[in-house]
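Peer 1: This is the structure I want to talk about, given as structure tokens.
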Amino acid sequence: MKAPQNNIYSDRTGIAARRMLLGLVIAVTVFSFAGCASYHLGNQYLYRSDIRTVHVMIFESDSARRYLGQRLTEAVIKDIELNTPLVITDPQIADSFVRGRIIADNKRAVAENLYDEPRTLRVDWRVEVDWVDRAGVPLMQLQSIIISRDAEFIPEAGQSMATAQQRIIEQAARDLISQMQTPW
């Protein structure tokens, strides 16, 4: 039986092929990560880096309905705490201030039954909001924004004015948080 011969040429070719494959893998990895170098993870990059704390003033309300301003204030504070890197704090140490006013609160019938009783109602709100720094300089793209929101409810289906108002409050708070993000 003949012993296998080591072929120096085939060993060199195999080593060279492995080195080339390793070099190709490293190059592809480096170039793929280089394209993502400017991307960031997390929501802290969506907001201004010079503002760390915010005080949310109680929203004023021109509505005859009670406690709408307080409910909207609570929703805005909750959304800021959950969805932004900003910290809610006292006005004495805050970097910025959010203030707002409910300037319109309307309710109207959308559909009626044969006896002129409302079957579907719509609640419309207009909220004016601004976010300023300690010196009073606006921090949003517009000096103040007006958020218009509406919600329909059907009393016969067990829905109420309170549930429609709560939907509007949650939507308005989300709209404000999105306006606080820095523009692209």
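Every read-out reported here was derived from the displayed coordinates using simple, explicitly stated rules and does not represent laboratory data. Since we're looking at a predicted model, the values are computed, not measured. So basically every Cβ, Gly included, is an ideal-geometry build from the backbone, and we count neighbours across all protein chains shown.
Peer 1: Sort 52-64, 166-178 for me by packing, meaning the mean count of neighbouring Cβ atoms within 10 Å per residue, highest on top.
Peer 2: 166-178, 52-64
Peer 1: Starting at the first residue of region 94-106, write each ³J(HN,Hα) from the Karplus equation 6.51 cos²θ - 1.76 cosθ + 1.60 with θ = phi - 60°, in whole Hz, x for Gly and Pro.
Peer 2: Per residue, the Karplus-derived 3J(HN,Hα) values read 6, 7, 8, 9, 10, 9, x, 8, 7, 9, 8, 9, 10 Hz.
Peer 1: In 5 Å bins starting at 0, how do the alpha-carbon pair distances of region 75-146 split up by percent?
Peer 2: All Cα pairs considered, the percentages come to 3, 13, 16, 18, 14, 9, 8, 6, 6, 4, 3, 1.
Peer 1: Could I ask something else about it? Grab the alpha carbons of region 43-179, take their convex hull, and tell me the volume per residue in Å³.
Peer 2: 111 Å³
Peer 1: What is the extension gain from Leu114 to Ser63, computed as 0.36 nm multiplied by their sequence separation minus the C-alpha to C-alpha distance, in nm to one decimal?
Peer 2: Additional length available on full extension: 15.3 nm.
Peer 1: Before anything else, pin down the relative contact order of region 43-179: Cα pairs under 8 Å, at least 6 apart, normalised by residue count, whole percent.
Peer 2: Relative contact order of region 43-179: 22 percent.
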